[in-house]
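**Student:** One structure is given below, represented as structure tokens, and several questions about it will come after.
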Amino acid sequence: MEFRFLGTAELAEAPSAAVVVDVMRAFTVAAWAFGQGAEKIVLAESLDDALALKARHPDWVALKDGPPAPGFDAVNSPGLLRSVDLDGRTVVQKTTAGTVGALAVKEASLVLCAGFVVAEATARLLRARECGSVTFVVTGEGGQADEDLACAQYIARRATETGADAAEFLRRAGESRAAAELAGGVRQGAHPDDVALCLELDRFPFAMVAALEESLMVLRPCAVPSLTDGAPN
């Protein structure tokens, strides 16, 4: 399995398989939404598109980065979302980096969205699909976000090596600029537990697969082979 690590702006063409990483916080939030019972997540192109989808589907739950805003039901915070009952609901998500990265590779044959909370499941799915070449899209800070790069490198390591240890990768993420800004209250629409929740390794047992459904890019949870099915320990 061969790996590339690129920022969203560096994508010259659609890869065959892509793992889009946004640890703090888009795809940690997405995993929590599924953990809270959401059926699917529609990745919106813009805030206006998110609001338009919400207007057409009033029962959908719209969330965005930053502070609460009219028309949106939630913000992009795992700490705040974890108490919301989303059973059977559709979520519309628009964020600054994560959703942009996923939409940039929407033509890829396989698109996975990931953070540390679904790292092992993501690595197992890459093994199960026998991907020859995988492009990791590092979404934060123009492709320079160390929490996203660390998570991408860890997933790549777990996809190919037995006994890969997460400690160093989690340390890097915990010392990243994004973590400092969240912990320091620089970013609005946050909860004090957000950093810890974003660094909770393998909190959820599913991977997250995004695919075009008609004209929308839709993210859904995906069951993966169990740890006994030939996965590294």
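The values are calculated or read from the model by the stated rules, or taken from the named source; none is laboratory data. Just so you know, these numbers come straight off a predicted model, no measurement behind them. Reconstructed Cβ throughout: ideal geometry from the backbone, glycine too, with neighbour counts over all protein chains shown.
**Student:** Scan the stretch 97-105 and tell me whether some residue there is surrounded by fewer than 24 Cβ atoms within 10 Å (Cβ to Cβ), of a type in the set (Ser, Thr, Tyr) and either touching a residue at least 60 places away in the same chain (Cβ under 8 Å) or assigned to a loop (DSSP other than H, G, I, E, B) (or both).
**Tutor:** For the stretch 97-105, residues surrounded by fewer than 24 Cβ atoms within 10 Å (Cβ to Cβ), of a type in the set (Ser, Thr, Tyr) and either touching a residue at least 60 places away in the same chain (Cβ under 8 Å) or assigned to a loop (DSSP other than H, G, I, E, B) (or both): absent.
**Student:** Follow-up. Checking Val118 against (1) modelled with pLDDT under 95; (2) within 23 Å of Glu39 (Cα to Cα); (3) of a type outside the set (Phe, Trp, Tyr): exactly one of these is not met. Which one?
**Tutor:** (1)
**Student:** Please go through the stretch 30-52 and pick out each residue that is of a type in the set (A, V, I, L, M) and free of Cβ contacts under 8 Å to residues at least 40 places away in the same chain.
**Tutor:** Leu51, Ala52
**Student:** Could you figure out which of (1) at pLDDT 95 or above; (2) over 15 Å from the mean Cα position of the chain (by Cα); (3) in a helix (DSSP H, G or I) isn't true of Arg127?
**Tutor:** Evaluating Arg127 over (1) at pLDDT 95 or above; (2) over 15 Å from the mean Cα position of the chain (by Cα); (3) in a helix (DSSP H, G or I) leaves (1) as the failure.
**Student:** Any residue in the stretch 61-83 that's assigned to a loop (DSSP other than H, G, I, E, B): show its pairings with residues that are among the basic types (Lys, Arg) at Cβ separation under 6 Å, as long as the two are six or more apart or on different chains.
**Tutor:** Close Cβ pairs (under 6 Å, with a partner that is among the basic types (Lys, Arg)) amount to Phe72/Lys64; Asn76/Arg25.
**Student:** If Ala31 meets every condition in (1) hydrophobic (A, V, I, L, M, F, W, C); (2) surrounded by fewer than 24 Cβ atoms within 10 Å (Cβ to Cβ); (3) assigned to a helix (DSSP H, G or I) apart from one, which number is that one?
**Tutor:** Single failed check for Ala31: (2).
**Student:** Any residue in the stretch 16-39 that is of a type outside the set (Gly, Ala, Ser) and more than 22 Å from Asp148 (Cα to Cα)?
**Tutor:** Taking every residue of the stretch 16-39 in turn, at least one turns out to be of a type outside the set (Gly, Ala, Ser) and more than 22 Å from Asp148 (Cα to Cα).
**Student:** Now for a different question. Looking at Pro205, Pro192, which one is closer than 16 Å to Glu120 by Cα and touching a residue at least 40 places away in the same chain (Cβ under 8 Å)?
**Tutor:** Residue meeting the stated conditions: Pro205.
**Student:** While we're here: Are any residues in the stretch 37-70 exposed (fewer than 13 other Cβ atoms within 10 Å of the Cβ) and farther than 16 Å from Thr99 by Cα, and if so, which ones?
**Tutor:** Answer for the stretch 37-70, where residues must be exposed (fewer than 13 other Cβ atoms within 10 Å of the Cβ) and farther than 16 Å from Thr99 by Cα: Gly37, Ala55, Arg56, Pro58, Asp59, Pro67, Pro70.
**Student:** All but one of (1) assigned to a helix (DSSP H, G or I); (2) farther than 22 Å from Arg187 by Cα hold for Ile41; state the number of the condition that does not hold.
**Tutor:** Evaluating Ile41 over (1) assigned to a helix (DSSP H, G or I); (2) farther than 22 Å from Arg187 by Cα leaves (1) as the failure.
**Student:** Here's a check for you: in the stretch 4-28, which residue that is part of a loop (DSSP other than H, G, I, E, B) and either more than 15 Å from the chain's Cα centre (by Cα) or hydroxyl-bearing (Ser, Thr, Tyr) (or both) is nearest to Glu130 (Cα to Cα)?
**Tutor:** For the stretch 4-28, the residue satisfying everything is Ser16.
**Student:** Here's another thing I want to ask about it. Surrounded by 23 or more Cβ atoms within 10 Å (Cβ to Cβ) and either over 20 Å from Ala33 (Cα atoms) or among the acidic types (Asp, Glu) (or both), is that true of Ala180?
**Tutor:** No; evaluated as a whole, the condition is false for this residue.
**Student:** Also: Across the stretch 40-58, what is the total count of residues that are within 20 Å of Cys113 (Cα to Cα) and of a type in the set (Asp, Glu)?
**Tutor:** Qualifying residue count for the region: 1.
**Student:** Output the qualifying pairs, or none if there are none: Cβ atoms under 9 angstrom, residues six or more apart or on different chains, first residue in the stretch 1-29 and free of Cβ contacts under 8 Å to residues at least 40 places away in the same chain, second residue surrounded by fewer than 18 Cβ atoms within 10 Å (Cβ to Cβ) and part of a loop (DSSP other than H, G, I, E, B).
**Tutor:** Close Cβ pairs satisfying both conditions: Glu13/Glu107.
**Student:** State all residues of the stretch 132-154 that are out of contact with any helix residue (DSSP H, G or I) (no Cβ under 8 Å at 6 or more places or on another chain), surrounded by 20 or more Cβ atoms within 10 Å (Cβ to Cβ) and not in a helix (DSSP H, G or I); if no residue qualifies, say none.
**Tutor:** Answer for the stretch 132-154, where residues must be out of contact with any helix residue (DSSP H, G or I) (no Cβ under 8 Å at 6 or more places or on another chain), surrounded by 20 or more Cβ atoms within 10 Å (Cβ to Cβ) and not in a helix (DSSP H, G or I): just Thr135.
**Student:** Assuming Gly189 fulfils every condition listed in (1) touching a helix residue (DSSP H, G or I) at 6+ places or on another chain (Cβ under 6 Å); (2) buried (at least 18 other Cβ atoms within 10 Å of the Cβ); (3) small (Gly, Ala, Ser) apart from one, which condition is it?
**Tutor:** (1)
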